[in-house]
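Novice: Sending over a structure as structure tokens; questions will come in a sec.
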Amino acid sequence: MHKTSTVLVGVTLALTLVASGVSAAIAAERDPMPEPKITGGPTSFYSQDQIPAVWAAATQAVPDPLPAGFDYPTEPPALLRGDTTAENVYEKGFPEHIAARYWRCAWLDHALSATTSRASKMQAARDAIARWDSFSAVTNFDGLSDYDSKMHALAEEVGKSPFETEFSVDCGSDLYTPGSSK
């Protein structure tokens, strides 16, 4: 019995070390989040020229995957490209929030564009969207604590489903491009 326990502890330790190594390797492959160039005061800001690298890192940092067949665009959404006639700046945390919102729009798109297996895709989207509130890019962003209840109230008011309402209100072309799936 003692020898079996020792072997099991050894195997468990080895598996833990392998899993830790894999996690570290995956984390190392991700693009690191750049530090904002504009600092001073209580907040810091990314400059426009940082946004492509920030977008790449922000999309990699979203903790849940997009629906099968969907990808983040390599070019940041229009909301992060700004006005080309001026130097735009973006508060630290905002690009990460936009990446999380893009993720949510992809799940809404996945559910609403389903032609077959609609019920299972709707449920998968509901399950995924339920995790959205736990993303740090969402919990650290003011004004979202009652987002779902406001969206449900608006849906009732306009006579559409909450998914349809949210997609039409919050997933416009400045943030999300429908058809981002393969």
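Only the coordinates and a few stated rules stand behind these numbers; no lab work does. Treat the numbers as computed from the prediction; the structure is a model and nothing was measured. So basically every Cβ, Gly included, is an ideal-geometry build from the backbone, and we count neighbours across all protein chains shown.
Novice: Name the residue farthest towards the positive end of the dipole of the range 47-182 from the options Ala125, Ala153, Val54, assuming +1 on Cβ of Lys and Arg, -1 on Cβ of Asp and Glu, about the Cα centre.
Specialist: Working it through, the farthest residue towards the positive pole turns out to be Ala125.
Novice: Something else about it: Under a 5 Å amide H to amide H cut-off, with H placed in plane at 1.01 Å, what residues pair with Ile38 once short-range neighbours are removed?
Specialist: Phe45, Ser47
Novice: For a protection proxy built on the mean count of beta-carbon atoms within 10 angstrom, sort 52-59, 37-44, 149-156, 122-129 highest first, please.
Specialist: Details: 52-59: 20.6, 37-44: 10.4, 149-156: 13.6, 122-129: 16.1.
In decreasing order of mean packing, 52-59, 37-44, 149-156, 122-129 become 52-59, 122-129, 149-156, 37-44.
Novice: For the range 63-182, just the Cα atoms, rotate onto the principal axes and tell me the three extents in Å, largest first.
Specialist: Computed over the range 63-182, the largest-to-smallest principal extents equal 45, 33, 27 Å.
Novice: Which ³J(HN,Hα) values in Hz, rounded to whole numbers, follow from the phi angles of the range 153-161 under the Karplus curve 6.51 cos²θ - 1.76 cosθ + 1.60, where θ = phi - 60° and Gly and Pro get x?
Specialist: 5, 5, 4, 4, 5, 8, x, 10, 6
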